[in-house]
Amino acid sequence: MTFYEVITAAIADMAKHGFDSQYRVDNWMRLIREAAVSSLVPQHVLDTSLKNAMTQVYNRQIEKGGALKMHKGISRYTIDKLKPQLRAELSRRIMASANLIKLNREQSIQRTLQRFSGWATSIPDGGSLVISRREESAHIRKSLSSLPFEERRVIIDQGHKLTASLNEIIANEGGAIAGEWHSHWKQAGYNYRKDHKERDQHVYLIRGNWASEKGLVKPNESGYTDEITRVGEEPFCRCFMSYIYNLNRLPDDMLTNKGRDAIKRAI
């Protein structure tokens, strides 16, 4: 039987007999779990889809040079040198994402069983004629029915997190001075966070960068990158950061007098 058919049969049986024994409830919970697992995309297929999706993100950003758009001021050679670290980050993200999806699956199945158990044990011994079978079925199936959609969202979200991590590695290793936050708040239908909108186009200093050590820059009112949540850190955040490597691309209030003199000498 399909997952839907098992739920339908379980509800009909409990409506007829009621909570007359824990054995009846436990037996249906076992059948529901088995049907739930069988109804899902096999784990190995999902793992392959996840790996392919994350690898596509990596290839687009690193192999095809997409990351260079976020790092104006460094060469392709610099990114190529960082490939061992970037590859390691890809592997780390794939593993973390696979574990997250497995946890979400188990939680969805567990919520389904909890809903069934809570409902089934509330029915009086001998059954009930006033049960809305369709309504109860929809309620019990709700968590698992939405799981495929949630799994796709997780894969997309993990792709954004991978992109952010790759860019952060390049920035830190490539000598970025600061990062400019970009929000998609103007995009129609995008559910942006208010504080992320407020960060849009603000420039944040990277703590401990080479220009700071030389006394050429100072934080402005925006502060440092480590004083705010990172792009992609919060669930389904699609913000991104472009990085600044040259003093002359910084806001004037982020430069010290020494920094302004250095720019004048370089002209």
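The values are calculated or read from the model by the stated rules, or taken from the named source; none is laboratory data. This is a predicted model, so every value here is computed, not measured. We place every Cβ from the backbone using ideal geometry, glycine too, and count neighbours over all the protein chains shown.
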Selection from region 1-23 of residues part of a helix (DSSP H, G or I) and loosely packed, with under 13 Cβ neighbours inside 10 Å yields 5, 22, 23
Pairs with Cβ under 6 Å, 6+ apart, first in region 120-133 and of a type in the set (Lys, Arg), second assigned to a helix (DSSP H, G or I): 133/11
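For region 97-119, what are the residues that are aliphatic (A, V, I, L, M) and in contact (Cβ under 8 Å) with a residue 12 or more places away in the chain? Quick ask: steps written out before the conclusion?
Looking only at region 97-119, we keep the residues that are aliphatic (A, V, I, L, M), and these are 98, 100-101, 103, 109, 113.
Result: 98, 100, 101, 109, 113.
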Considering each of 94, 11, 62 in turn, give the residue that is in contact with a Lys or Arg (Cβ under 6 Å, 6 or more places away or on another chain), among the hydrophobic types (A, V, I, L, M, F, W, C), in contact (Cβ under 8 Å) with a residue 40 or more places away in the chain and over 20 Å from residue 151 (Cβ atoms). 11
Residue 26 being of a type outside the set (Phe, Trp, Tyr), under 25 Å from residue 127 (Cα atoms), outside the structural domain of residue 240 (by TED's automatic domain parsing) and in a helix (DSSP H, G or I): yes
Boolean, residue 214 is in contact with a helix residue (DSSP H, G or I) (Cβ under 9 Å, 6 or more places away or on another chain) and in the same structural domain as residue 71 (by TED's automatic domain parsing): no
Among the residues of region 171-187, are any closer than 30 Å to residue 258 by Cβ, surrounded by fewer than 20 Cβ atoms within 10 Å (Cβ to Cβ) and without any contact (Cβ under 8 Å) to a residue 60 or more places away in the chain? yes
Can you tell me which of (1) part of a helix (DSSP H, G or I); (2) over 21 Å from the mean Cα position of the chain (by Cα); (3) surrounded by 14 or more Cβ atoms within 10 Å (Cβ to Cβ) is the one residue 127 doesn't meet? (1)
Could you tell me which residue of region 70-87 is surrounded by the fewest Cβ atoms within 10 Å (Cβ to Cβ), considering only residues that are polar (S, T, N, Q) and part of a helix (DSSP H, G or I)? 85
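Across region 35-58, what is the total count of residues that are assigned to a helix (DSSP H, G or I) and over 17 Å from residue 142 (Cα atoms)?
Our first condition is that a residue be assigned to a helix (DSSP H, G or I); within region 35-58, this holds for 35-39, 43-58.
Among the residues that remain, those that are also over 17 Å from residue 142 (Cα atoms) are: 43-58.
The number of residues fulfilling the criteria is 16.
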Residues (out of contact with any Phe, Trp or Tyr (no Cβ under 8 Å at 6 or more places or on another chain), of a type in the set (Lys, Arg) and surrounded by 10 or more Cβ atoms within 10 Å (Cβ to Cβ)) located in region 188-207: 193
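May I ask you to say which residue of 137, 165 is under 17 Å from residue 55 (Cα atoms) and either small (Gly, Ala, Ser) or touching a residue at least 60 places away in the same chain (Cβ under 8 Å) (or both)? Let's see the steps before the verdict.
Working: 137 fails: under 17 Å from residue 55 (Cα atoms).
When all the criteria are applied, what remains is 165.
Test of understanding: among 230, 199, 249, which residue is under 26 Å from residue 101 (Cβ atoms) and among the basic types (Lys, Arg)? Steps first, please.
On the way: 199 fails: under 26 Å from residue 101 (Cβ atoms); 249 fails: under 26 Å from residue 101 (Cβ atoms).
Step by step, each of 230, 199, 249 is checked, and only 230 is under 26 Å from residue 101 (Cβ atoms) and among the basic types (Lys, Arg).
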